[in-house]
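What follows is a single structure, written as structure tokens, with notes after it.
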Amino acid sequence: MSTVSTRSTQRPSGPGFLAVVVGSLGVVLLAYGAFAFLASPLAGGWLAVSGLCLLLSGVFATPWAVEHTELSAEGCRTASVAFAAVGVALLALFVVVNFASFEGGSAGN
């Protein structure tokens, strides 16, 4: 008798957990940027663009993107990583700029 394993090596067809988390974070940031746009157009636009980049990163990390775009699996992975890098860089710069603008304090009398 032989003991041959019949495990399937196929990847799951649904989106991965990380893609869902990054996409959800992108949606939240996009919505927050839209609300913040009323108080500060620059800050709102900045947050919205970073959220859009994270949303696109999550979308390109799904099997749906491979099936419905003309990109290969490697191309979708590259696009996902690139959008994630841009989104995280924009968020980091947003924090740095806001921290620097409030670090000086207020002018005394």
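The values are calculated or read from the model by the stated rules, or taken from the named source; none is laboratory data. None of the values given here were measured: they were computed from a predicted structure. Using ideal geometry, Cβ is built from the backbone for each residue, glycine included, and neighbour counts are taken over all protein chains shown.
Every condition in (1) surrounded by 13 or more Cβ atoms within 10 Å (Cβ to Cβ); (2) at pLDDT 90 or above is met by residue 92 except one, and the failing one is (1).
The residues in the stretch 66-81 that are in contact (Cβ under 8 Å) with a residue 12 or more places away in the chain and among the small types (Gly, Ala, Ser) can be counted, and the count is 2. Restricting 63, 41 to residues that are buried (at least 16 other Cβ atoms within 10 Å of the Cβ), more than 18 Å from residue 26 (Cα to Cα) and not charged (D, E, K, R) narrows the list to 63.
Evaluation of residue 44 against the conditions (1) modelled with pLDDT under 90; (2) in a helix (DSSP H, G or I) shows that the sole unmet condition is (1).
Inside the stretch 26-41, residues that are in a loop (DSSP other than H, G, I, E, B) and either on the phi > 0 side of the Ramachandran plot or among the aromatic types (Phe, Trp, Tyr) (or both) make up a count of 1.
Just to verify a result, which residue in the stretch 47-68, among those that are in a helix (DSSP H, G or I) and of a type in the set (S, T, N, Q), is nearest to residue 87 (Cα to Cα)? So, considering only residues that are in a helix (DSSP H, G or I) and of a type in the set (S, T, N, Q), the one nearest to residue 87 (Cα to Cα) is 50. All of 79, 36, 43 fail the test of being within 16 Å of residue 18 (Cβ to Cβ), among the small types (Gly, Ala, Ser) and touching a helix residue (DSSP H, G or I) at 6+ places or on another chain (Cβ under 9 Å), apart from 79. Would you be able to say whether some residue in the stretch 9-25 is loosely packed, with under 14 Cβ neighbours inside 10 Å, out of contact with any Cys (no Cβ under 7 Å at 6 or more places or on another chain), modelled with pLDDT of 90 or more and not in a loop (DSSP other than H, G, I, E, B)? For the stretch 9-25, residues loosely packed, with under 14 Cβ neighbours inside 10 Å, out of contact with any Cys (no Cβ under 7 Å at 6 or more places or on another chain), modelled with pLDDT of 90 or more and not in a loop (DSSP other than H, G, I, E, B): present.
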